[in-house]
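Below is one structure, written out as structure tokens, with a few remarks after it.
The values are calculated or read from the model by the stated rules, or taken from the named source; none is laboratory data. Just so we're clear, the structure is a prediction, and the values are computed from it rather than from any experiment. All Cβ positions, even for glycine, are placed from backbone atoms using ideal geometry, and neighbour counts span all protein chains on display. Calculation scope for accessible area: heavy atoms of the full protein, side chains included, ligands and nucleic acids excluded. Shrake-Rupley method; radii C 1.70, N 1.55, O 1.52, S 1.80 Å.
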Amino acid sequence: MEFDEKRFQIIDHPLVQHKLSILRNRATGTKQFRELVTELAVLEGYEAMRDFPLEDVVVETPLESTVCKQIAGKKVAIIPILRAGLGMVDGILTLTPSARVGHVGMYRDPVTHEPHQYYCKFPPDIQNRTCLVVDPMLATGGSLTAAIKFLREAGVRDIRCLTLVSAPEGVKAVLDYDQDVRLYTCSLDRQLNENAYILPGLGDAGDRIYGTK
Ligand code: PRP
Ligand code: URA
């Protein structure tokens, strides 16, 4: 499947690919898994913010005044999809420490794979912020499209989604659902299995982050 390169980017940096391989390994334990999710979120967040606009600022160095660059007042909100998305928040916060964090609580029905919302809380000025929606796994796309819907209803214009592993079915669903959203991932995997788990994937991200299985 081919996707629009302007809206869909696979982060192919060697560091990202190396860390992702360790993440996939069934022998990787909870502590290391959680650390790797944070590290991958930092590297992916760095790419997702590459086009943030800059403005000039005058800085006094110890020797003279000089014109430097600073980010031009970009206001960011990080939107983790609970639970697994929470694992990516701290990594993004190291890049944008003053970002606000809004939460979307969603779980997939184990039989129908449909997402069910159980929580949603956004910062009050969400419509003025660039929203980085984070979730390690994009499978059918049900959870992510629901989160995008809530953000659009709240008036958000700039939505960037960051996942670690994506299935082609989910990427298509998200890009078809919203023509303006941008999607970043570290891997486009082969397919979904009969339980809508990603193959080869890494298993259940929430369970592996929190050690619940
Ligand atoms: C997982 C994952 C995504 C969703 C992806 O969450 O973290 O949110 O499934 O699947 P989809 O693209 O088919 O919607 P899950 O529902 O297992 O909840 P959890 O994070 O609480 O474990
Ligand atoms: N959610 C996960 O955590 N893993 C998958 O492969 C699919 C959905």
Enumerated helices (runs of 4 or more DSSP H) restricted to segment 1-106, each holding at least 3 residues that are farther than 22 Å from ALA147 by Cβ: 14-24, 30-48
For segment 117-213, which fully contained strands (runs of 3 or more DSSP E) count at least 2 residues that are within 16 Å of ligand 2 (Cβ to nearest atom) and either surrounded by fewer than 14 Cβ atoms within 10 Å (Cβ to Cβ) or at pLDDT below 95 (or both)? none
Name the residues in segment 1-41 that are open to solvent by 40 Å² or more (accessible area, probe 1.4 Å), within 14 Å of the chain's Cα centre (by Cα) and aliphatic (A, V, I, L, M), would you? ILE10
Considering only residues that are in contact (Cβ under 8 Å) with a residue 40 or more places away in the chain and open to solvent by 30 Å² or more (accessible area, probe 1.4 Å), which ones fall in segment 50-85? LYS74, LYS75, ARG83
